[in-house]
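Undergrad: One structure is given below, represented as structure tokens, and several questions about it will come after.
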Amino acid sequence: MPPHLYRTPLVLVVAALATGLTASPAPAGELPTRTVETTVVLNARNQLVMRGDVTPGLAGLEVVVQRKDCRKATCAWKVWERLDARSQGRFRSRIEAPRHGSDYYRARVPQHHGYATSYSRVWRTWTD
């Protein structure tokens with residue numbers, strides 16, 4: 001059976017929306033964050049692929065795809081793949097859906113060139 005995916009927003013985004021906070025420029029002394037947009041698609045070979053775009057992006061920017069196998073906040077994110085963004089900050093990584101249970105994936109861009117560490121949305125994958 002084909003793998004499934006489900007996009008789960010980050011807890012911080014949900015908390016910000018629940019309290020009515022809106023995005024604002026970073027206060028003085030704090031670094032701005034990058035925007036990390038991701039999608040997960042099933043390619044022609046029936047493989048799950050996370051595609052992403054980092055803004056502002058540049059070629060060679062390090063992107064770390066992370067995975068964890070439980071939803072609890074106490075579970076640690078583990079490095080799935082380290083890669084360098086291509087031109088314009090684009091990247092892609094093959095991910096997997098477990099036979100039992102669910103896995104969660106996100107992309108992380110470390111602090112670099114005056115920007116704070118930035119994260120993408122969290123994606124949940126599973127197999128029926």
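Since every read-out is calculated from the coordinates, none of them should be taken as a lab result. These numbers were taken from a predicted model, which means no experiment stands behind them. Positions of Cβ are backbone-derived with ideal geometry, glycine not excepted, and every protein chain shown enters the neighbour counts.
Undergrad: Per residue of segment 64-77, what does 6.51 cos²θ - 1.76 cosθ + 1.60 with θ = phi - 60° give for ³J(HN,Hα)? Whole Hz please, x for Gly and Pro, Karplus curve as stated.
TA: 10, 8, 10, 9, 9, 10, 8, 7, 4, 5, 6, 6, 8, 6
Undergrad: Could you sort 57-66, 44-53 so that the peptide with the highest average Cβ count within 10 Å comes first and the rest follow in order?
TA: Output ranking for 57-66, 44-53: 57-66, 44-53.
Undergrad: Given Cβ point charges of +1 (Lys, Arg) and -1 (Asp, Glu) and nothing else, what value in debye, to the nearest 20, does the dipole of segment 75-128 about its Cα centre take? Don't skip to the answer; put the middle values down first.
TA: On the way: 11 positive and 5 negative charges, 25 e Å.
My answer is approximately 120 debye.
Undergrad: With θ taken as phi - 60° and the coefficients 6.51, -1.76 and 1.60, list the Karplus ³J(HN,Hα) couplings across segment 87-94 in order, rounded to whole Hz; mark glycine and proline as x.
TA: Result, ordered by residue: 4, 6, x, 8, 8, 7, 9, 7 Hz.
Undergrad: To continue, here is another question. How far apart, in nm, are two points set 7 Å out from the Cα along the Cα-to-Cβ line at Ala59 and at Ala73?
TA: 4.2 nm
Undergrad: I need the phi-derived Karplus couplings for segment 102-108: 6.51 cos²θ - 1.76 cosθ + 1.60, θ = phi - 60°, integer Hz, Gly and Pro marked x.
TA: Values, residue by residue: 9, 10, 10, 10, 8, 10, 10 Hz.
Undergrad: Subtracting the Cα-Cα distance from 0.36 nm times the residue separation, let me have the gained length for Leu42 to Arg94 in nm, one decimal.
TA: Answer, rounded to one decimal: 17.7 nm.
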